[in-house]
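Structure first, commentary second.
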Amino acid sequence: VAGGELFDFLAEKESLTEEEATEFLKQILNGVYYLHSLQIAHFDLKPENIMLLDRNVPKPRIKIIDFGLAHKIDFGNEFKNIFGTPEFVAPEIVNYEPLGLEADMWSIGVITYILLSGASPFLGDTKQETLANVSAVNYEFEEEYFSNTSALAKDFIRRLLVKDPKKRMTIQDSLQHPWIKPKDTQQALSRKASAVNMEKFKKFAARKKWKQSVRLISLCQRLSRSFLSRSNMSVARSDDTLDEEDSFVMKAIIHAINDDNVPGLQHLLGSLSSYDVNQPNKHGTPPLLIAAGCGNIQILQLLIKRGSRIDVQDKGGSNAIYWASRHGHVDTLKFLSENKCPLDVKDKSGETALHVAARYGHADVVQLLCSFGSHPDFQDKEEETPLHCAAWHGYYSVAKALCEAGCNVNIKNREGETPLLTASARGYHDIVECLAEHGADLNASDKDGHIALHLAVRRCQMEVIQTLISQGCLVDFQDRHGNTPLHVACKDGNVPIVVALCEANCSLDISNKYGRTPLHLAANNGILDVVRYLCLTGANVEALTSDGKTAEDLAKSEQHEHVAGLLARLRKVRNSVYWSEILCFNVKSSVFSLVNMKMNKMRPWTHRWYERRRHRPLPRGLQTVG
């Protein structure tokens with residue numbers, strides 16, 4: 001079945017509520033309901049026999065498989081047998097009593113117990129102990145496994161794990177149980193608030209795979225020996241048989257590593273004297289690298305003792321230092337360094353361990369690698385340094401660690417961006433400040449001639465803008481099109497940024513390569529608030545573009561009547577008194593307070609100017625400000 005086992009699918013999830021779990025369990029119940037309606041008992045219900053048709057759909061559907069033990073129950077004829085998997089068989093099977101549909105309900109209880117807790121209720125150290133536990137119904141809801149399990153879920157399990165088959169819930173009872181079919185809002189909310197113990201469940205799934213792999217290895221070895229014996233092939237096995245057996249061994253090794261199963265791995269490797277532990281899995285990753293990613297030093301020691309090369313690489317060129325760095329395992333890195341694992345190995349994309357540690361935000365790993373002597377300025381194929389990675393993702397502590405390690409803060413990547421440009425565009429003002437303090441060139445530009453201030457203005461990163469201005473960047477820097485940061489802010493219509501740039505004493509009338517000033521851009525785009533503020537601050541309303549047009553002309557051509565009307569009045573009334581009053585007349589926008597603030601600063605000067613020249617009073621229509 002293409003979708004694989006249900007439990008494997010669920011084990012890949014980070015979290016799972018009881019509500020989500022019951023959606024799958026309900027499908028199992030519906031499948032069993034169909035069987036029981038035909039008087040057919042499955043007799044081998046267990047996680048391995050519950051598959052998904054397709055795991056890549058929003059709501060995967062399950063399929064019950066393996067009907068090798070299935071039996072049609074004839075109520076006139078008694079049926080007894082001893083079969084099934086010890087963990088999941090009902091007491092009546094263990095005790096060789098008459099069997100019926102009820103045995104499947106016991107198995108569903110065991111499956112549900114495992115699904116919610118990651119523990120097997122009756123599993124003992126031996127098969128005999130497991131069967132004894134089943135017969136005695138010896139189980140409990142341990143707090144370690146069921147701390148987040150609802151009372152309804154436990155009740156569902158209790159009603160299934162009943163020794164007397166006649167007192168056990170039937171399939172119909174199960175489908176109507178309030179955990180499966182809530183009767184009120186409180187019961188429904190109880191399922192939502194309760195969760196599957198995913199940590200334990202993942203370990204159960206790993207142990208299950210380990211056991212499957214060991215059984216397959218044993219079977220494959222027996223088949224190989226039988227095949228060789230029948231074929232009189234005393235010297236060498238066939239390549240196909242060898243490959244198949246090795247793939248089973250690899251799966252078992254990987255499951256043991258992922259489950260931190262040191263004794264199991266030791267036992268397995270001890271029985272495989274000729275096995276090469278340096279060969280990779282189907283993804284091109286040798287066991288040592290998987291162990292480095294898991295961070296288990298005991299397993300690393302065991303693999304090295306069995307012949308794993310400390311410098312082994314995966315198909316992408318990454319080594320054990322890289323894998324441990326990616327997952328943030330500091331102690332593992334110390335162990336690998338002590339065992340002379342190469343430090344600055346580049347993978348096929350040109351990345352080092354320091355790159356990946358920076359990208360995943362492991363500041364402690366970055367500090368450790370730098371203390372080992374890792375080069376902080378290596379560039380990958382995109383010519384990015386670890387500092388670029390930290391700046392892109394916003395990891396301040398990583399950026400600080402790299403700066404303190406003495407990295408070059410002004411290296412450019414393939415796009416001509418320094419870490420400062422990257423951090424500025426993404427709004428990480430703390431990193432911008434850190435880079436500035438460590439000597440970053442505030443006026444370094446990318447391929448388009450943009451400096452950090454251009455990018456921060458374009459992305460509306462006000463905190464970054466304030467930081468860059470306070471650190472002394474050039475506010476009038478022109479990009480390759482001749483645009484200053486003020487051009488960008490005026491075109492976008494961002495009034496607070498326009499105000500911030502003007503307060504930083506930027507030039508108002510610089511023309512870009514097309515002869516357009518910031519006022520031209522604001523007027524052309526019909527941004528009245530920006531036009532008003534620029535005029536009040538002293539922008540030249542009569543400046544001409546390369547084709548001889550004023551801001552008023554541009555506003556008219558784009559049919560921005562309010563902007564054109566304002567500029568026309570300003571052109572006709574040339575003294576500062578009229579300007580300030582016109583600009584603040586009948587302002588009904590978010591910029592009102594900003595313009596009024598500017599006008600109030602100018603008012604004493606403008607009235608003194610007016611009194612000295614004894615101009616006529618303001619026209620009646622312009623006397624009201626507000």
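Looking only at segment 425-448, residues that are in contact with a Phe, Trp or Tyr (Cβ under 8 Å, 6 or more places away or on another chain) and either in a loop (DSSP other than H, G, I, E, B) or crowded, with 18+ Cβ neighbours inside 10 Å (or both) come to 6 in all. If you go through segment 334-355 and keep only what is under 25 Å from the mean Cα position of the chain (by Cα) and surrounded by 24 or more Cβ atoms within 10 Å (Cβ to Cβ), you end up with Glu351, Thr352, Ala353, Leu354, His355.
With respect to the conditions (1) touching a residue at least 12 places away in the same chain (Cβ under 8 Å); (2) on the phi < 0 side of the Ramachandran plot, Glu143 falls short on a single one, namely (1).
Say we look at segment 464-481 and pick out the residues that are under 15 Å from Leu435 (Cα atoms) and β-branched (Val, Ile, Thr); which of these is nearest to the chain's Cα centre (by Cα)? Here the residue is Val464.
Can you tell me how many residues within segment 361-386 are within 26 Å of Asp446 (Cβ to Cβ) and either under 20 Å from the mean Cα position of the chain (by Cα) or of a type outside the set (Lys, Arg) (or both)? Residues flagged as within 26 Å of Asp446 (Cβ to Cβ) and either under 20 Å from the mean Cα position of the chain (by Cα) or of a type outside the set (Lys, Arg) (or both) within segment 361-386 amount to 13. Let me confirm something: among Lys181, Lys163, which residue is without any contact (Cβ under 8 Å) to a residue 24 or more places away in the chain, surrounded by 13 or more Cβ atoms within 10 Å (Cβ to Cβ), within 26 Å of Ala41 (Cβ to Cβ) and of a type in the set (Lys, Arg)? None of the other options fit; the residue is Lys181.
Pick from segment 130-157 the residues that are exposed (fewer than 14 other Cβ atoms within 10 Å of the Cβ) and in a helix (DSSP H, G or I): which of them is farthest from the chain's Cα centre (by Cα)? This residue is Ala136. Considering segment 250-350, the qualifying helices (runs of 4 or more DSSP H), each wholly inside and each with 3 or more residues that are over 26 Å from Glu384 (Cα atoms) and touching a residue at least 12 places away in the same chain (Cβ under 8 Å), run over 262-270, 287-294, 297-305, 330-338.
Listed here are the residues, each with its yes/no results for (1) modelled with pLDDT of 90 or more; (2) under 15 Å from Cys490 (Cβ atoms); (3) within 48 Å of the chain's Cα centre (by Cα).
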residue	(1), (2), (3)
Leu528	yes, yes, yes
Val531	yes, yes, yes
Leu534	yes, yes, yes
Glu542	yes, no, no
Asp547	yes, no, no
Ser557	yes, no, no
Leu567	yes, yes, no
Ser576	no, no, no
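Here no helices (runs of 4 or more DSSP H) wholly within segment 1-106 include at least 1 residues being at pLDDT below 90, crowded, with 19+ Cβ neighbours inside 10 Å and at positive phi.
The values are calculated or read from the model by the stated rules, or taken from the named source; none is laboratory data. In this text the structure is predicted, and so the values were computed from the model without any measurement. Cβ sites come from the backbone with ideal geometry, for glycine too, and all protein chains shown count toward neighbours.
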